[in-house]
Amino acid sequence: MRVAIIGAGLNGLACAVMLKRLGVDCVVFERGRGPRDSGTGIYVWPQAMQILRFVLGTRDFLSRGQPIEYLDTHDKQGRLIHSQPVRPEGLGLPAPAMMFLRTELFRLLASCLEEDDIHYGMGCERLENLGDQVRITFSGGHAFDFDLAVGADGVSSTTRAFVNPGLEPHSTGLVASRGVVTFDSPLLHFDRCQIFTANHSRVVTYPLSQARALRYWFAAYQHRDRPLLDRAGLLQLFAELPADVLRMIDQTPDEAILTHKLSALTGGGHWYRGRVVMLGDSIHAMLPTLGYGLTLGLENGFMLAQALVGHCDAELEAALKRYEIRAARRSREMLQVMDDITRLYYFEPEGQVSPSRLQPIVQNFQQLARSTVF
């Protein structure tokens with residue numbers, strides 16, 4: 001089987017490494033002219049850490065990230081509202097969650113592929129099903145035939161337009177700024193994610209490297225169709241938060257801050273059509289409320305690899321159908337949890353974030369962790 005993966009982001013690269021590890025011939029095509037290794041931080045839950053351990057074949061990558069063992073929620077004065085272990089008793093998760101610089105994780109996955117496994121400047125323009133093959137036409141008019149095309153091309157997916165014509169991401173009404181900064185404070189710990197809630201908004205911060213005092217932060221709020229906030233606007237919006245949270249934002253270099261409106265997809269519609277199948281943000285782009293987006297995409301990739309390598313029927317469609325049944329159900333259930341917590345943080349009256357409101361959502365999230373691919 002010869003597989004084309006559309007999109008050389010983290011999910012596309014991870015899917016390629018998984019398939020090659022299982023003996024499937026695949027090649028990655030990327031619209032951009034070079035590696036998509038820019039960005040800030042990326043959170044990887046224990047479920048996905050186990051997938052990475054399987055894919056990479058070694059534990060060495062653990063030294064490239066910062067372990068996260070707790071999720072702490074604080075009120076705007078900095079008082080602790082709720083603390084949740086990432087690995088609660090009873091789940092038997094044999095891996096920590098970890099925070100990585102996106103560039104580190106990207107380069108780690110890319111290093112597992114050969115140079116000619118990734119082709120840049122090759123945007124997917126058109127897909128055509130040809131019975132037991134798919135023809136992909138790329139920018140410049142180049143066309144190649146494959147046994148399967150995997151769409152890992154994100155929110156603006158070309159493959160989604162082919163599989164689900166008219167299915168577009170919807171606006172969430174939220175905007176996020178993200179930054180990376182060298183910053184140390186006794187308020188901010190190196191073994192946990194810390195969430196500071198404000199009115200219809202919040203600031204989340206994770207350690208990236210304790211040795212370098214490197215820290216990632218994420219600030220999200222309702223934009224209400226108004227101009228997006230710059231640094232001064234963020235500091236004004238979050239003025240009631242603890243002083244060290246504000247200093248962290250204020251000391252972040254301009255070039256280390258990314259700001260954009262947040263869109264989402266529900267995971268609805270079809271996950272494949274003929275010899276074209278989707279995974280990750282191309283079909284279920286979720287808000288980074290609990291940082292589960294990459295983890296869910298890696299789970300998709302692992303499920304797809306299982307389906308492709310393990311099917312015994314003569315027709316490939318049986319494998320794709322099994323993948324759709326498994327991945328779509330799990331993704332929609334996880335998206336519901338993210339929607340519940342997003343509404344609580346950003347769209348309910350101030351003061352609603354409390355242990356009694358958080359605990360049922362956390363329990364639903366933990367229940368889903370029992371049925372992960374590992």
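Things to note:
- So ARG21, is it among the basic types (Lys, Arg), closer than 26 Å to LEU368 by Cα and open to solvent by 20 Å² or more (accessible area, probe 1.4 Å): no
- One residue from VAL180, VAL134, VAL155, VAL175 being among the β-branched types (Val, Ile, Thr) and farther than 30 Å from PRO207 by Cβ: VAL134
- Lone qualifier among ARG226, ARG215 - being on the phi < 0 side of the Ramachandran plot and in contact (Cβ under 8 Å) with a residue 12 or more places away in the chain: ARG215
- Qualifying residue in the stretch 247-267 (condition: open to solvent by 20 Å² or more (accessible area, probe 1.4 Å) and closer than 19 Å to ALA4 by Cα): no
- Here LEU294 fits the description: touching a residue at least 60 places away in the same chain (Cβ under 8 Å) and under 30 Å from ALA198 (Cα atoms).
- Here ARG224 meets each of (1) assigned to a loop (DSSP other than H, G, I, E, B); (2) surrounded by 15 or more Cβ atoms within 10 Å (Cβ to Cβ); (3) of a type in the set (Lys, Arg) with one exception, condition (2).
- For GLY34, the requirement of being at pLDDT below 95, surrounded by fewer than 18 Cβ atoms within 10 Å (Cβ to Cβ), among the small types (Gly, Ala, Ser) and over 20 Å from MET278 (Cα atoms) is met.
- Cross-chain or 6+ apart pairs with Cβ under 9 Å, the stretch 336-355 first and in contact (Cβ under 8 Å) with a residue 40 or more places away in the chain, then of a type in the set (Asp, Glu): VAL353/ASP75
- 3 or more residues farther than 19 Å from ALA152 by Cα and open to solvent by less than 10 Å² (accessible area, probe 1.4 Å): qualifying helices (runs of 4 or more DSSP H) within the stretch 271-374: 317-346
- Scanning the stretch 133-184 for residues that are part of a loop (DSSP other than H, G, I, E, B) and of a type in the set (Phe, Trp, Tyr) gives a single hit, PHE183.
- Single match in LEU241, LEU187 (criterion: open to solvent by less than 20 Å² (accessible area, probe 1.4 Å), in a loop (DSSP other than H, G, I, E, B), of a type in the set (A, V, I, L, M) and in contact (Cβ under 8 Å) with a residue 40 or more places away in the chain): LEU241
The values are calculated or read from the model by the stated rules, or taken from the named source; none is laboratory data. Only a predicted model underlies this, so the values are computations on that prediction, with no experimental measurement involved. Counting neighbours? That spans all protein chains shown, and the Cβs are built from the backbone with ideal geometry, glycine included. Ligands, DNA and RNA are stripped out before the accessible areas are found, and what is left, the full protein with its side chains, is counted by its heavy atoms. Shrake-Rupley method; radii C 1.70, N 1.55, O 1.52, S 1.80 Å.
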